[in-house]
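Chemist: This is the structure I have questions about; it appears just below.
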2 protein chains.
Amino acid sequence: MLNQQQLDQVCVILVRARNPNNIGAVARAMHDFGFRNLRVVNEYAVPFATARSAVDASEVLAGAVEFGSVADAVADCTLVVGTTAVGERALLHPLHALPEAAAEISEAMARGGRVALLFGSEKTGLSNDELSHCHWLLTIPMQKHEDLRHPSMNLGQAVAVCLYELVRETGIHVGVGVPAAAEAGEVERLTALLTEVLEKTGYTRRHPANCDEAQIRRLVLRMGVAASDAPVWMGILRQMLWKVRGGEAKDE
Amino acid sequence: MLNQQQLDQVCVILVRARNPNNIGAVARAMHDFGFRNLRVVNEYAVPFATARSAVDASEVLAGAVEFGSVADAVADCTLVVGTTAVGERALLHPLHALPEAAAEISEAMARGGRVALLFGSEKTGLSNDELSHCHWLLTIPMQKHEDLRHPSMNLGQAVAVCLYELVRETGIHVGVGVPAAAEAGEVERLTALLTEVLEKTGYTRRHPANCDEAQIRRLVLRMGVAASDAPVWMGILRQMLWKVRGGEAKDE
């Protein structure tokens with residue numbers, strides 16, 4: 001996991017965001033991934049004020065800072081990255097797909113600088129003037145659709161995906177709760193018991209081609225029995241044996 | 001990129017989603033990343049009907065299929081993966097963080113099966129009964145906050161992040177538009193011209209410690225001049241030289 005000091009090196013900057021719900025969604029995604037520095041550049045104070053006054057507004061929104069211009073908002077950052085949906089506009093900046101971009105951002109963070117991630121308005125994205133403050137651009141790889149001239153993503157979702165990618169490498173916890181496999185000896189006991197059941201139930205007589213020892217062993221191995229499940233299966237098979245041996249007769 | 005056949009192997013299944021806006025956001029994220037199979041399991045038809053009737057409802061919503069139960073919704077899938085925010089509930093399933101989960105899902109897709117990705121209701125997530133249909137669970141690695149008992153993510157954002165991870169590896173396009181670097185010979189000409197400018201402007205006399213040849217060369221190399229920018233810089237330096245040599249005198 002990134003520590004809080006590292007997370008605080010990243011500033012999410014919303015430029016001309018129009019929809020208060022989107023600003024709220026951005027703040028929520030930041031909170032989810034542990035980022036705290038939200039900056040807002042907006043001529044109109046209304047969307048930000050509305051988002052901030054929402055009932056479930058987060059600490060991130062409470063701590064957000066308003067700036068009068070992109071230049072002011074990025075002034076203390078050593079790396080400024082713009083986000084773009086790669087429309088028809090000719091790009092004047094280097095462009096990285098998000099996975100590579102995140103690697104570059106991590107390097108910049110390791111050098112100790114503050115990194116600005118700029119997101120433009122829902123409708124138009126970042127203007128050329130706003131993009132001119134950026135060292136380079138990143139884009140989230142998306143599917144090209146013939147019906148859409150400008151593929152674009154919902155603002156809250158785009159921020160969530162970008163921040164996920166930034167913490168992705170550091171947040172992996174491997175296979176929690178993947179059950180321990182049964183030991184080979186237990187699998188062998190299970191195989192023996194199953195073999196007995198197949199014989200006693202007449203399956204072996206009906207399908208002899210399925211029943212040589214190695215075939216049954218492979219069949220049981222492919223179950224991938226968990227250590228904790230082995231006694232359960234043993235009990236099930238023993239119960240079957242009991243039944244076919246005569247428990248049956250008494251029950252009926 | 002995954003081709004459409006591969007993308008169509010994935011079914012996003014929303015179980016008891018309550019908010020029509022969230023259902024719409026899920027459909028939008030699916031469209032962005034090229035997925036088309038949306039399934040909805042809901043006792044109440046209202047949220048889905050409302051989402052579907054939205055003005056900007058996508059093709060994905062139009063093609064979504066309703067099911068009466070989780071069992072029916074996953075019946076044709078060979079791998080069923082539940083999503084969870086890992087709250088206080090004891091987990092009865094193996095759990096993978098999203099990056100590993102995506103690798104396992106890709107393997108299942110390569111074997112030709114259909115994969116179900118289940119998302120529970122915004123408020124409660126998937127119930128234990130719903131989870132019992134899953135082979136294993138995935139979780140999006142998030143920051144632990146002391147103030148939240150159950151960390152959870154907005155439904156639309158969670159789906160966007162999961163689908164991004166599925167196409168992530170396949171969608172990388174490397175450094176589009178990263179400009180070609182200038183050749184060393186051009187950098188050398190630039191260094192020579194800058195040296196001349198420094199001498200003519202008196203900088204070398206004032207700061208001799210900064211001006212040995214190797215220092216100036218390293219300074220220019222650190223600019224990382226793009227091939228297309230080299231002539232621009234040459235022009236700027238030539239103009240400076242012209243000015244300090246006498247163009248100046250005529251202008252004044």
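The values are calculated or read from the model by the stated rules, or taken from the named source; none is laboratory data. Because the structure is a prediction, the values reported are computed rather than measured. Cβ: placed from backbone, ideal geometry, glycine included. Neighbour counts: every protein chain shown. What goes into the accessible areas is simple: the full protein's heavy atoms, side chains included, and nothing from ligands, DNA or RNA. Shrake-Rupley method; radii C 1.70, N 1.55, O 1.52, S 1.80 Å.
Chemist: Taking a label point 7 Å from the Cα of residue B:234 along the Cα→Cβ vector, which residues of the stretch B:180-208 have an amide N closer than 16 Å to it?
Modeler: B:181-197
Chemist: Let me ask something additional. Lys and Arg at +1, Asp and Glu at -1: add these up for the other residues within a Cβ distance under 11 Å of residue B:78 and post the number.
Modeler: +1
Chemist: Sorted by mean Cβ packing within 10 Å, highest first, what order do the peptides A:121-128, B:10-17, A:235-242, B:79-86 take?
Modeler: On the way: A:121-128: 16.1, B:10-17: 24.0, A:235-242: 13.9, B:79-86: 22.0.
Ranking the peptides A:121-128, B:10-17, A:235-242, B:79-86 by packing returns B:10-17, B:79-86, A:121-128, A:235-242.
Chemist: Continuing with this model, one more query. With solvent modelled as a 1.4 Å probe, how much accessible area in total do chains A and B shield from it at their shared surface, in Å² to the nearest 100? Write out the running numbers ahead of the final one.
Modeler: Working: alone 15040 and 15000 Å², together 26240 Å².
When A and B are taken together, about 3800 Å² of accessible area is lost.
Chemist: Also: Express the accessible area of the stretch A:4-168 per residue in Å², computed with a 1.4 Å probe while the remaining protein chains stay in the model. It would help to have the intermediate numbers written out before the result.
Modeler: Values: 7110 Å² over 165 residues.
The answer is 43 Å² per residue.
Chemist: Please build a GNM for chain B, connecting alpha carbons under 10 Å apart, and tell me which residue among B:50, B:78, B:191 fluctuates the most.
Modeler: Answer for the Gaussian network model of chain B: B:191.
Chemist: Note down the net charge around residue A:141, summing +1 for each Lys or Arg and -1 for each Asp or Glu among other residues with Cβ under 12 Å from its Cβ. Write out the running numbers ahead of the final one.
Modeler: Numbers: positive: A:144, B:168; negative: A:100, A:165, B:32, B:165, B:169.
Combined, the nearby Lys, Arg, Asp and Glu give -3.
Chemist: Related question: Roughly what % antiparallel, to the nearest 5, for the DSSP beta bridges in the protein assembly as shown? Each step should come with its number before you reach the end.
Modeler: On the way: 4 of 50 bridges.
Bridges in the protein assembly as shown are about 10 percent antiparallel.
Chemist: Between residue A:66 and residue B:50, what FRET efficiency comes out of the Förster formula 1/(1 + (r/R0)^6) with R0 = 45 Å and r the beta carbon distance, rounded to 0.05?
Modeler: Result of the calculation: an efficiency of 0.85.
Chemist: As a test, work out the antiparallel percent of DSSP beta bridges whose residues both lie in chain B, rounded to the nearest 5.
Modeler: 10 percent
Chemist: Could you tell me how many degrees, from 0 to 90 and to the nearest 10, lie between the Cα long axis of helix A:155-168 and the main elongation axis, the longest principal axis, of the Cα atoms of chain A?
Modeler: For A:155-168 against chain A, the angle is about 60 degrees.
Chemist: List the lysines whose Cα sits under 27 Å from the Cα of residue B:243, skipping any in the same chain fewer than 8 residues away.
Modeler: B:200
Chemist: What dipole magnitude, in Debye to the nearest 20, does the stretch B:184-251 give about its Cα centre under +1 on Lys/Arg Cβ and -1 on Asp/Glu Cβ? Display every interim value, and only then the final one.
Modeler: Details: 11 positive and 9 negative charges, 36 e Å.
My answer is approximately 180 debye.
Chemist: A further question on this structure: Could you compute the net charge surrounding residue A:99? Neighbours are other residues with a C-beta less than 13 Å from the C-beta of residue A:99; K and R count +1, D and E count -1. Please list the in-between numbers first.
Modeler: On the way: positive: A:168, B:168; negative: A:100, A:104, A:165, A:169, B:165, B:169.
Taking every Cβ under 13 Å from that of residue A:99, the sum is -4.
Chemist: Counting only heavy atoms of protein chains, what accessible area per residue, in Å², does the stretch A:184-251 have with a probe of 1.4 Å?
Modeler: 68 Å²
Chemist: What gaps in nm, shortest first, separate residue B:243 from its twins in the other copies when you place the label 7 Å past Cα toward the beta carbon?
Modeler: Those label-point separations list as 9.5 nm.
Chemist: For helix B:213-222, report the angle its Cα long axis makes with the longest principal axis of the Cα atoms of chain B; keep it between 0 and 90° and round to the nearest 10°.
Modeler: 30 degrees
Chemist: Using only the Cα atoms of the stretch B:4-171, build the gyration tensor, take square roots of its eigenvalues as a ≥ b ≥ c, and label the shape rounded, prolate or oblate: rounded if a/c is under 1.5, else prolate if a/b is larger than b/c, else oblate.
Modeler: The shape class here is rounded.
Chemist: If each DSSP helix of 4+ residues adds -39,500 (n - 2.57) and the sum is divided by the residues in the protein assembly as shown, what number results at 222 nm, nearest 500 deg cm²/dmol?
Modeler: My calculation for the protein assembly as shown gives -12500 deg cm²/dmol from helical runs alone.
Chemist: Rounded to the nearest 20 Debye, what is the dipole magnitude of the stretch A:4-168 about its Cα centre when Lys and Arg each give +1 and Asp and Glu each give -1 at the C-beta?
Modeler: 120 debye
Chemist: Quickly work out the residue B:18-to-residue B:196 label distance, labels modelled 7 Å from Cα along the C-beta direction, and quote it in nm with one decimal.
Modeler: 7.5 nm
Chemist: Still on this structure: List, shortest first and in nm to one decimal, how far the label point of residue A:199 (7 Å from Cα along Cα→Cβ) is from its counterparts in the other copies.
Modeler: Listed shortest first, these distances are 10.1 nm.
Chemist: Measuring nothing but label to label, 7 Å from Cα along Cα→Cβ, what are residue B:68's distances to the other copies in nm, shortest first?
Modeler: Output for residue B:68: 6.6 nm, nearest copy listed first.
Chemist: Name the GluC sites (Glu not before Pro) in the stretch B:1-74 that are in a loop by DSSP and that have at most 13 other C-beta atoms within 10 Å, would you? Let's see the in-between values first.
Modeler: Numbers: sites: B:43, B:59, B:66; in loops: B:43.
Here the GluC sites (Glu not before Pro) that fit, given the DSSP loop and packing criteria, are B:43.
Chemist: If Rh is defined by the Kirkwood formula over all Cα pairs and Rg also comes from Cα, what ratio Rg/Rh do you get for the protein assembly as shown?
Modeler: Answer for the protein assembly as shown: 1.12.
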